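Report on the following structure.
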Amino acid sequence: MSDIVQAPPIAAHIQNHQIKLVKMASFGAGEKSTAAISATTALAILLLWWFVSALGVVPHLFLPRPDEVLTQIGVIYRDGYAGASLSEHVSASLFRIVAAALIAISAGIPLGLLMGLNRWAKGVLDAPIEFYWPLPPLSYLPLMIIWLGIGETSKITLLVLAMFAPICLSAQAGVRSLPIERVNAARSLGANRLQLFLDIVLPSALPEILTGVRIALGVGWGTLVAAELIASTRGIGFMIMAASQFLATDVVFVGIGIIAICAFIFSAAIRFLEAFLVPWKGKL
């Protein structure tokens with residue numbers, strides 16, 4: 001009779017070897033913060049700016065030193081510029097940007113979702129949007145003046161046209177990138193049209209929509225100077241254009257810096273909104 005050899009228990013065999021968890025390698029930029037890299041880059045740019053201006057590589061009239069720009073900020077804050085205080089310039093520009101953004105978002109998101117869901121809507125709206133979107137705002141600025149006058153309406157309309165297209169097209173792209181398997185799964189579970197839109201289509205398109213809003217805000221701030229060319233007496237863009245006529249380069253840098261800070265705050269707010277509304281973005 002042959003001997004029966006008893007095999008060692010599997011659990012004991014596993015205990016003899018330490019279990020190692022393998023973390024998958026990240027792809028792309030990863031999830032680590034880039035704040036330190038960005039801060040170092042900003043500091044390097046400031047040092048390069050100071051070094052170039054201090055050595056006189058560029059004439060002082062065209063490139064003032066950073067400390068002179070900071071001094072000019074205090075002067076404008078105390079005395080104002082071009083007949084208005086700094087707060088009046090900033091508040092005028094913020095009013096135009098915020099008003100235009102609200103109008104563009106209110107119109108762009110529904111129309112973009114409709115274009116993604118309905119081929120007739122896409123066929124009707126796609127051609128005019130694709131026609132005017134590549135045009136620079138300065139090209140249809142004279143039409144805004146002729147049609148709407150030189151008041152706030154023409155300025156805000158110009159900003160709305162610049163911001164509408166990125167939002168609308170991003171909403172459309174968000175709908176069209178929705179996997180059909182997700183839609184079919186919801187239908188098989190008995191979802192009606194409203195549930196399908198609210199629970200599947202809208203959440204899936206939301207990351208693209210928020211990205212479009214961020215792009216639109218950047219375009220809006222870039223168009224601000226053109227919008228405030230229309231008979232303005234207030235605004236950061238107006239302040240920049242008024243300073244450029246007198247070669248006040250330090251004031252121009254102050255205006256550029258204020259626009260950059262405001263645009264950064266708006267972009268950070270959208271990023272925070274993304275983290276709150278679509279925490280799964282980039283993780284699925």
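The values are calculated or read from the model by the stated rules, or taken from the named source; none is laboratory data. Since this is a predicted model, take the numbers as computed values, not measurements. Cβ sites come from the backbone with ideal geometry, for glycine too, and all protein chains shown count toward neighbours. Each accessible area value is taken on the protein alone, full model and side chains, heavy atoms only, with ligands, DNA and RNA left out. Shrake-Rupley method; radii C 1.70, N 1.55, O 1.52, S 1.80 Å.
Side notes on the structure shown:
- Hits in segment 191-225 (condition: farther than 14 Å from Ile97 by Cβ, assigned to a helix (DSSP H, G or I) and not hydrophobic (A, V, I, L, M, F, W, C)): Arg193, Gln195, Asp199, Pro203, Ser204, Pro207, Glu208, Thr211, Gly212
- The number of residues in segment 166-199 being of a type in the set (Val, Ile, Thr) and open to solvent by 30 Å² or more (accessible area, probe 1.4 Å) comes to 1.
- Looking only at segment 32-53, and only at residues there that are under 21 Å from the mean Cα position of the chain (by Cα) and surrounded by 10 or more Cβ atoms within 10 Å (Cβ to Cβ), the one that is nearest to Phe253 (Cα to Cα): Ala42
- Each residue in segment 115-144 was checked for being assigned to a helix (DSSP H, G or I), in contact (Cβ under 8 Å) with a residue 24 or more places away in the chain and either in contact with a Ser or Thr (Cβ under 6 Å, 6 or more places away or on another chain) or open to solvent by 80 Å² or more (accessible area, probe 1.4 Å) (or both), and 4 pass.
- Count of segment 54-87 residues, restricted to those that are among the acidic types (Asp, Glu) and either open to solvent by 80 Å² or more (accessible area, probe 1.4 Å) or not in a helix (DSSP H, G or I) (or both), is 1.
- Residues in segment 247-270 that are open to solvent by 70 Å² or more (accessible area, probe 1.4 Å) and modelled with pLDDT of 90 or more: Ile256, Ile261, Phe264, Ile265.
- Of all the residues in segment 226-246, those that are outside any helix (DSSP H, G or I), among the aliphatic types (A, V, I, L, M) and closer than 16 Å to Ile76 by Cα number 0.
- Residues (open to solvent by 10 Å² or more (accessible area, probe 1.4 Å) and acidic (Asp, Glu)) located in segment 224-239: none
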